[in-house]
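S.K.: The structure under discussion is supplied below as structure tokens; questions concerning it will follow.
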Amino acid sequence: MADVTPVHYSFLIYPLVGMLSGFLAGLLGIGGGLIIVPALLLIFPYQGLAAAVVTHTAIATSLATVVVTSLIAAYSHHRHGAVDWSIFRKMAPGLFSGALIGALATTRLPGEALRVIFGLFALAAAVQIGLQLQPTARGRIPAVPGLAGVGIVIGIISALVGVGGGTMIVPFLRWSAVKMQRAVATSSAGGFPIAAGACVGFSLVDGFAGGSAMANSTIYWPAALWIAAASLITVPLGAQFTHRISILSLSKIFALILGIIGLRLIFV
């Protein structure tokens with residue numbers, strides 16, 4: 001594997017990515033992975049990371065940031081009594097194991113395939129955000145086996161695309177007749193078992209043939225920690241701006257940008 005030339009300004013680049021992802025997450029209520037993964041796909045090649053492993057490292061690093069951000073978000077929601085811990089306890093084992101399986105699968109897929117998968121996911125998210133699609137409550141909370149099964153599916157997909165699962169957990173809980181505030185809060189807590197499972201999965205294959213030379217690991221921890229720390233600063237700022245600007249207009253603009261990113265990743 002080619003040697004990696006470190007970027008001396010990474011201490012500025014990664015916090016900027018974290019600040020942007022945190023601000024948009026607070027402003028639009030989206031997962032940071034939708035911003036972090038495309039950003040890292042642009043940054044890592046300039047650090048000399050081999051093209052064959054750029055996508056793997058971007059996805060793994062994005063999920064590592066969720067370890068920190070999900071804990072903070074869950075604690076904040078818990079203080080307001082918004083997290084449904086009963087649902088969380090039933091979904092968490094599935095989310096963890098699904099993310100573990102997804103992480104192991106991710107390391108065995110070629111980077112081109114992962115780019116297409118993320119591109120398709122980004123397009124789906126762009127449609128949902130741009131059209132403000134919200135599921136109608138038609139079901140109810142499944143029993144433990146059902147919640148575990150849904151958790152496994154969400155965990156696998158999350159690990160394949162590098163997101164915390166909120167874009168899937170919230171619609172599922174809304175469909176299951178859970179109120180929006182409670183769905184969002186419970187989803188925030190659900191990000192932790194996803195991130196933990198993915199990190200365990202990626203750590204099991206550290207040093208595999210496609211591992212990241214920057215950290216001798218699939219996860220590039222310096223980037224993950226800088227991004228996570230910076231995002232925590234700007235999430236509250238983004239939330240404050242939701243009351244001052246047109247969120248609908250910004251959502252449509254972001255959806256357009258996300259759609260372009262998705263198409264570019266699919267067809268490049």
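The values are calculated or read from the model by the stated rules, or taken from the named source; none is laboratory data. None of these values were measured; they are calculated from a predicted model. With ideal geometry, Cβ positions are generated from the backbone for all residues, glycine too; neighbour counts draw on all protein chains shown.
Okay, residues lined up against (1) crowded, with 21+ Cβ neighbours inside 10 Å; (2) in a helix (DSSP H, G or I); (3) touching a Leu at 6+ places or on another chain (Cβ under 8 Å):
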{"residue": "Leu123", "(1), (2), (3)": "no, yes, yes"}
{"residue": "Ile129", "(1), (2), (3)": "yes, yes, yes"}
{"residue": "Gly146", "(1), (2), (3)": "no, yes, no"}
{"residue": "Val170", "(1), (2), (3)": "yes, yes, no"}
{"residue": "Ala185", "(1), (2), (3)": "yes, yes, no"}
{"residue": "Gly191", "(1), (2), (3)": "yes, yes, no"}
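S.K.: Does region 81-116 hold any residues that are under 21 Å from Gly32 (Cβ atoms) and assigned to a loop (DSSP other than H, G, I, E, B), and which are they?
M.R.: Hits for region 81-116 are Ala82, Val83.
S.K.: What tally of residues in region 70-106 results from selecting those that are surrounded by 21 or more Cβ atoms within 10 Å (Cβ to Cβ), of a type in the set (S, T, N, Q) and more than 18 Å from Ser21 (Cα to Cα)?
M.R.: 1
S.K.: While we're here: Taking Val54 and the conditions (1) under 28 Å from Leu131 (Cα atoms); (2) assigned to a helix (DSSP H, G or I); (3) at pLDDT 85 or above, which numbered condition does it fall short on, given that it satisfies the others?
M.R.: Looking at each condition in turn, Val54 falls short on (1).
S.K.: Taking interchain pairs and intrachain pairs at least six residues apart, which have beta carbon atoms under 7 angstrom, with the first residue in region 125-138 and under 15 Å from Gly33 (Cβ atoms) and the second among the small types (Gly, Ala, Ser)?
M.R.: As it stands, the answer is Ala126/Ala255; Ala126/Gly259; Ala126/Gly262; Ile129/Ser251; Ile129/Ala255, since those pairs meet every condition given.
S.K.: May I pose another question? Residue under question is Val67, and the condition is that it be surrounded by fewer than 24 Cβ atoms within 10 Å (Cβ to Cβ), in contact with a Cys (Cβ under 9 Å, 6 or more places away or on another chain), in a helix (DSSP H, G or I) and not aromatic (Phe, Trp, Tyr); does it hold? Lay out the reasoning, then the answer.
M.R.: Values: surrounded by fewer than 24 Cβ atoms within 10 Å (Cβ to Cβ): yes; in contact with a Cys (Cβ under 9 Å, 6 or more places away or on another chain): yes; in a helix (DSSP H, G or I): yes; not aromatic (Phe, Trp, Tyr): yes.
Answer is yes for this residue.
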